[in-house]
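Data first, discussion second: the structure below is written as structure tokens.
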Amino acid sequence: MPPKRFDRNVEWDDNDPSTWYRNEMLNLGPNQRHLQVLDEEVIRLTEETLDTFENNAKWELEKLLGHGALGLTMIVRHKRGVLRTKGLKTARFHQRLVLKRALSNKGEDELRNEIRWFQRVRGAEHFATMLLYRDDPAPAAGGDENAVRAPFFRRLFQKRAKPRRIRRHDDPRRIDEDLNLAGLAGYPLIILEHLEHGTLGRVIERAIRHETHIPNRLLWSFFLCLVRACVAMAYPMDGQVGRPTRLEKIPAGDVAPVHLTHQSLHVGNVVLGNPDHRFPEHSYAPVLKMIDLGAAQELGNHGPLVNLEHITYLMIALITKTKEPNTHQLAVYKERYTRAADILPPDNDKKYPNLDPELRDLIARCWFVDHAERPGLQEMLTITENAVKTKTWESYPFTVAPFETDFAIKLFVQHLVYDAEVEPAEAQPVVVQPAQIGLPEEDEDEAEEEADTSEAALIQEPPKTGDEHTGRGLRNLFGRLNVTGDAGGSNIAGPSNIAGGSDIAGPSNAGGGVAEDYSIGDDDLAI
């Protein structure tokens, strides 16, 4: 439903939270760019954005996704959409985009930094695509009458141009024209693709609720995605606007890497998209994309090494199903100290008995205390590429193999990622049968016993969480703008310490910025 216009003439009553808006307008003072009170600035920017889209014929502000201390994230939706048929179902699909704005002067600096680095990594498959950005100067007060008349006389005397080609619906130039964001001039903003399948944090939450583990082949696919994102930061593509994304590769020859570090890599800043069938490595697994480059910076001569350390931290989080795993405890592995004690035997061998030994070995080596002993970017890319290409369900013991088939992985992804909006009462338990995954059928009694004891094969939809935002004015504003909790999959948290026990770079600073959740899936491919 489109957002409703709000009646500003409401008497403010402290005892009645429904009177969300004060009688006095939230206007800026002289030489003031932002309001000092964060909640009031959120309301002011939301109202300003609503006014901008009020008369837009094609786009509308759908909802407020959330905010941090420095940034505000909203979702805009195309009004018309298109009818699309999938199987026997026909439904109307709407393209959605993510709009990011700053809440303070410091937030503006961070947003401009994000624009700069998103331009550098444009074209990379494993980064969210920045469709367009605006950082126009504020219009002069009162306007210029000659500036208004000039376009008319230019069109009157100019030569007739060739007919303009009709641009695709997803062409950034067409989106820029249709959005018509001139009313927001004077402030930086970013328009990004919307990824609706949630973050790694939500995958961890669902795996915990279903008491299941993430299949090894899916972990290898996720690891390859994260390594390729590190390659994109070390060797930026500087792609052209509107061009298809490409797989990140290390260029041949002696090319010096860019020591760009993300500086805010946590489970809320990696989001899931749809499988990209252009690339075989994404045939059964969703692609992971990094977001939120507001805190990114070039760091000495250790950029790739720091990024590899941080993505290994994310892999330990996926294996242990802990958003902030312990990486301070040391363990001895292959006569060297490593910080990956959480997944190493003998103490934790029974805890993760299904974990691929080769994956365990690679993660342990990535967290060696001696940095010289850690694998480099080229070695990491080679190992993860080979694992995704060569490993099948036959590569694992018989007790693990049923969960490593293409069918089982697609089933896992469908229920824990794509079916995020299904209500718990509607979700049906799905049992993986040996005949469906290519394994020899067992005796009927044994198969029934296995189905009863195998909790990883039963997938049910967890209940949705409620809105956790606070503030009387904001609670009602969020309610009117359809802000959701678990459904949106957004992780809008404060600063996150992701470096763990890193000896290279100190704790990662999320900067209080927004950790968004956005993508373009099957529901968003057309207008």
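Remarks
- Fully extending the segment from ASP51 to SER395 would add 118.1 nm, taking 0.36 nm per residue of separation and subtracting the current Cα-Cα distance.
- With every protein chain in place, segment 208-251: carbon and sulfur % of accessible area (1.4 Å): 48 percent
- Computed in the context of the full set of protein chains, the accessible area of segment 271-328 at 1.4 Å probe radius has 51% of its extent on carbon or sulfur.
- Neighbours of TYR235 by Cβ distance under 9 Å: Lys/Arg scored +1, Asp/Glu scored -1, total 0.
- At full extension, GLU211 and ARG246 could sit 9.0 nm farther apart than now, given 0.36 nm per residue minus the alpha carbon distance.
- Full extension of the chain segment joining LYS334 with ARG116 gains 74.3 nm, where the gain is 0.36 nm per residue of separation less the Cα-Cα distance.
- Debye, to nearest 20: dipole size of segment 251-382, +1 on Lys, Arg Cβ, -1 on Asp, Glu Cβ: 320 debye
- Exposure of THR212 as accessible area (Å², to 10), given a probe of 1.4 Å and all protein chains: 10 Å²
- Accessible surface ranking that places the most exposed of THR399, THR49 first, with a 1.4 angstrom probe: THR399, THR49
- When nucleic acids and ligands are ignored and a 1.4 Å probe is applied, ASP361 ends up with an accessible area of around 30 Å².
- Listed residue pairs exceeding 22 Å between alpha carbons, taken from LYS249/LYS389; LYS321/LYS389; LYS289/LYS323; LYS321/LYS410; LYS321/LYS350: LYS321/LYS389
- Environment charge of LYS289, counting only residues whose C-beta is closer than 10 Å and scoring Lys/Arg +1, Asp/Glu -1: -2
- Between VAL82 and ALA185, the modelled labels are 3.3 nm apart [label points 7 Å from Cα along Cα→Cβ].
- Percent of Cα-Cα distances greater than 25 Å, calculated over segment 225-362: 37 percent
- Placing dummy labels 7 Å off each Cα toward the beta-carbon, the span from VAL255 to LYS410 is 3.5 nm.
- Surface per residue (accessible, 1.4 Å probe) for segment 166-255, Å²: 37 Å²
- For segment 41-144, lysine pairs separated by 8 or more sequence positions, or belonging to different chains, with Cα-Cα distances below 27 Å total 11.
- Net charge of Cβ neighbours under 12 Å - reference GLY186; Lys, Arg +1; Asp, Glu -1: -1
The values are calculated or read from the model by the stated rules, or taken from the named source; none is laboratory data. Small disclaimer: the values here were computed from a predicted structure and weren't measured. Here the Cβ is made from the backbone with ideal geometry for all residues, glycine too, and neighbour counts use every protein chain on show. The area values use the complete protein model at the heavy-atom level, side chains included, leaving out ligands, DNA and RNA. Shrake-Rupley method; radii C 1.70, N 1.55, O 1.52, S 1.80 Å.
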